[in-house]
Structure formats: C-alpha cells, structure tokens
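Read-outs: derived from the displayed coordinates by stated rules, not from any lab. Only a predicted model underlies this, so the values are computations on that prediction, with no experimental measurement involved. Counting neighbours? That spans all protein chains shown, and the Cβs are built from the backbone with ideal geometry, glycine included.
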Amino acid sequence: MKTYHGSCHCGSVRFEADIDLDAGTIKCNCTICSKMRFWAAQVPSSAFRLLAGSDSLREYRYHTRQDAHYFCGDCGINTFSTGTSAALRAGALPRRAQRQLGDAAPRNPSPLEKGRA
C-alpha cells in the first residue's frame, strides 16, 4: 500500500489515495466506461482524499444513478468515480503508477457485479 497523488490535465482537481497496486485494476464494460475507456484502480472510499478542485468538479450520473463520474469543468478530464468504492482513473495517476498497474491483469466486472442488471 502506497499513497499516490493524481490530478486532471490542468491541475485544478488534485487528489491522493492509498492504493495497493498488487490488487490490480478494473476495465468496466458498462456503456459510459466503455465510451471513456475507463481503466481504474479501485480503493475504499476511506483511502481517497480530494486535495483541491471541489469547485471545479462536475458530476455525471446515468442509468441507476448509483455511481458518480467526476470530471474537471476546466479541462474536461475524468479523474475518478464514486459508488460503493472510489475508482481512480489510471490516466490521472503518475506514469510510474500507470506502468505498475499495466503489469496487472485488469478485471472486467459484469453488469450484474456492478448492480446494473
């Protein structure tokens, strides 16, 4: 477990999270995540801390409206999602963490697993 810092492209939205890179990643196959090519590291909500940019964040919800997808209102980059846990977009993490995550095989949660049957 290590603390990583991440951000949107312009730096308005910044966060840190305690991530176990050995736990792997997810590549969700729901419609919104497929369109965004959302590749993420999941962490417990208690392991995620928004450091800056709450005023820049915009939220998008769809279907069951259970999960919130957040993006920067200034540069448009999706940085993380929330629901039953936080999912941090791999592209919002430092390249070193992205390389380590790339070595782990991603899981593709089914729509049933995500509660979208």
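With the cut-off at 1.5 for a/c, could you classify region 2-102 from its C-alpha gyration tensor as rounded, prolate or oblate? Spell out each step's value before the answer.
On the way: a/c = 1.43, a/b = 1.10, b/c = 1.30.
Since a/c stays below 1.5, the shape of region 2-102 is classed as rounded.
Starting from the Cα of residue 5, step 7 Å toward the Cβ, then list every residue of region 46-76 with an amide N under 13 Å from that point.
Flagged as within label range: 51-52.
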